[in-house]
Amino acid sequence: MTQEHVHNVVNGQVYGTVVQAGTIHQVVLPDPVPVPRQLPPDPAHFVGRAAELALLDDAAPATVLITAAGGSGKTWLAVRWAQGAAERFPDGQLFVDLRGFSTDTGPMDPAVAVRGFLDALGVAPGRIPAAPHAQAALYRSLVAQRRILVVLDNAASTEQVVPLLPGGRAATVVVTSRRTLTALVSRHGATQLHLDHLTAEEAHALLTSRLGPARVAAEPDAVAELIGFCGGFALALGLVAARGRPADTARELRELGLDGLDDEDPTASLPTVLSWSYRALGAEQRTMFLLLGIAPGPDLDQYAAASISGWPPPVAGRVLRELTAASLAQRDTHGRYRLHDLVRAYALAQGPAAPERTAALRRAVDFYLHTARATDHLLEPGGHSLDLGRPAPGVHLRPLADADTALAWFDTEHQNLLAAQRIAVEQGWHADVWRLAWGLYTFHHRRGHRHDDLAVWQAALVSAPHLPDPTALARTHRYLGRAHTALDRHEEAVRHLEHALDLAGDDRTAQGNTHQMLAWSWGRQGEDQRALDHARRALAAFRGLDQPVWEAEALNDVGWFAARTGDLDAALTHCQAALDLHRAHRNADGEAATLDSLGHVHHRAGRPRQAVDHYRQALTRYQQAGNDYQRADTLEALGDTHAEAGDPDQAAAAWRAAAELYESQAREADLTRVRTRLGDR
């Protein structure tokens, strides 16, 4: 080909001078831009997390922050999703472990991560500027318009993450952290995904995947024990699965507790992983964390935390939120805080030291004791008074407004109150053991917590001889008699009540209270005449004591057992007098009991309409007082009245409601009786 035959063709619009080249002997193209593929391998035996994976799918492209405690499976989730979504990011996937909670090297400097990303993106060393801020700017420019995925694992802070955020909107960033990086959400628009622990079903699936279906099926009890011990902690489940022998591993965990989840590889050791989170805490956070390890019961509110720490409630609330942000504490929708059982075991193993521990437990028990007594007074304004003295310094009682909030507080704090009494037993605080049993009495009675009531009074019986008050032992036997009666343990009930009567001596108040309970006990055994005799003796003891509510209760008891023995006129007279007294002194619970008795009287007298009317009034009052135990009995009686009046539908509705309450209170005999009646219809 001759020189004059060479020509070039230029397509498109041309700006400026076009120079025609002669013969082109070689074309030199730049090196292709590398596509980084830095993701770790897809985690084997990954299970569950369908909702979280779907949220990640929906969020991209964006920045997503995955938060949870160390060992919960944050990295597994991020990598599993990233591997599954890799095709959505044709320009590559970057990954870096920011080592946010490493104790040997400390958190990675973001400048180091930026430099690593620049290398992965193929930037020649000669083109990388010296200044860290210039390197970050170059990194953002390179990925600004790329469909790229950036996974920032184990971040310590928002400041560590921000230099690694791409400049445009085409990229997706997934950040994992043990901390709630608030500024990343509020200032940089990240979507937060808090990772809960695996469910029991997911944990079972994980162990099945690791151990094999045959092994899991061969040792179901041991597998169930392992699942319960690990509490959904992904790291713990992976560790026990790696050991391979469920029964042996379960036995080892029973003996060693949290130490049984230790491992020579620090990243696979749950105690070590938790220690990294603990060491990252500030002084106040560490103190509160250790105190949460010894707090009574499974959870607590801000006031209990303030009391156990001795700090003002606002300070305690702030530190609790900080522990939640560090993924060491969990906060529910009602503002209550708890530690996972394994996290709590770690906190318990760390301290606090003996003097601080004793002082904190003293404040915790005082908080529950004094709040319970004030709360019980809202439920039973006319009840027996009890002088508790002043709580320990630093205790902050929770203010409660009325009976409804008081009952709700008892419902919420019930397990903590029982735990507080156990602490008092362990510490030898005999007065508090007894006082907590006393403070729980009304609540236990109204909610039908019969077994718990027996347990707290059995503990009180051990402590009562150590108390200076000579009446404490008599009261304890009296309330133990009532607790045994509620469980239909009649021989034990009468034995305790007869002992209480002997200890009462000339104390008319103690005599009257004990005769009341003896009446109830004999009545439960069907000995109505014997019960009536004790009810009359209780009434005689209370008259002249200027205690109108007690007198009204005794009048109602006499009326009830008079009706049971067939003296309906005397029954109506006594019950009406009781109702007048209860209403005059605004005793809603006593009014409800008397309305129930009047319903019974009218039922036996063949006046079903009046009986139904009184039963319904009683149910309203019991509902208002939160007395589910008596409400169940009244519902059954209402059903009986409807049945005898020829209204089977109304009878069945009342019996079904009674059965539901009986079942919730574990009243098996009562439940069987009502279900038999429902089966007949």
Only one of 641, 620, 594 that is out of contact with any Lys or Arg (no Cβ under 8 Å at 6 or more places or on another chain), polar (S, T, N, Q) and under 14 Å from residue 560 (Cα atoms): 594
Test: residue in region 655-670 that is in contact (Cβ under 8 Å) with a residue 12 or more places away in the chain, within 26 Å of residue 482 (Cβ to Cβ), small (Gly, Ala, Ser) and crowded, with 23+ Cβ neighbours inside 10 Å: yes
Residues within region 506-550 that are of a type in the set (Gly, Ala, Ser), buried (at least 16 other Cβ atoms within 10 Å of the Cβ) and under 25 Å from residue 571 (Cβ atoms), tallied: 8
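Yes/no matrix, rows are residues, columns are (1) touching a Ser or Thr at 6+ places or on another chain (Cβ under 8 Å); (2) among the aliphatic types (A, V, I, L, M); (3) in a helix (DSSP H, G or I); (4) closer than 30 Å to residue 47 by Cβ:
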{"residue": "90", "(1), (2), (3), (4)": "no, no, no, yes"}
{"residue": "104", "(1), (2), (3), (4)": "no, no, no, no"}
{"residue": "111", "(1), (2), (3), (4)": "no, yes, yes, no"}
{"residue": "116", "(1), (2), (3), (4)": "no, no, yes, no"}
Among (1) of a type in the set (Val, Ile, Thr); (2) at pLDDT 95 or above; (3) under 30 Å from residue 660 (Cα atoms) - the single one residue 442 does not satisfy: (2)
Single residue of region 470-490 satisfying the filter (within 30 Å of the chain's Cα centre (by Cα) and in a helix (DSSP H, G or I)) that is modelled with the highest pLDDT: 483
Search result, residues across region 308-337 that are basic (Lys, Arg) and not in a helix (DSSP H, G or I): 331, 336
Residue match in region 294-303 (condition: in a helix (DSSP H, G or I), of a type in the set (Gly, Ala, Ser) and crowded, with 22+ Cβ neighbours inside 10 Å): no
Any hit, region 490-505, residues being surrounded by fewer than 20 Cβ atoms within 10 Å (Cβ to Cβ) and touching a Lys or Arg at 6+ places or on another chain (Cβ under 6 Å): no
Test for residue 157: is it in contact (Cβ under 8 Å) with a residue 12 or more places away in the chain and surrounded by fewer than 14 Cβ atoms within 10 Å (Cβ to Cβ): no
Elements of type helices (runs of 4 or more DSSP H) contained in region 505-593, each with 1 or more residues being in contact (Cβ under 8 Å) with a residue 40 or more places away in the chain, assigned by TED's automatic domain parsing to the domain that holds residue 630 and within 20 Å of residue 637 (Cα to Cα): 508-524, 548-564
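The values are calculated or read from the model by the stated rules, or taken from the named source; none is laboratory data. Here the structure is a predicted model, which is why all the values come from computation and not from measurement. Don't worry about glycine lacking a Cβ; one is built from the backbone with ideal geometry, like all the others, and counts go over all protein chains shown.
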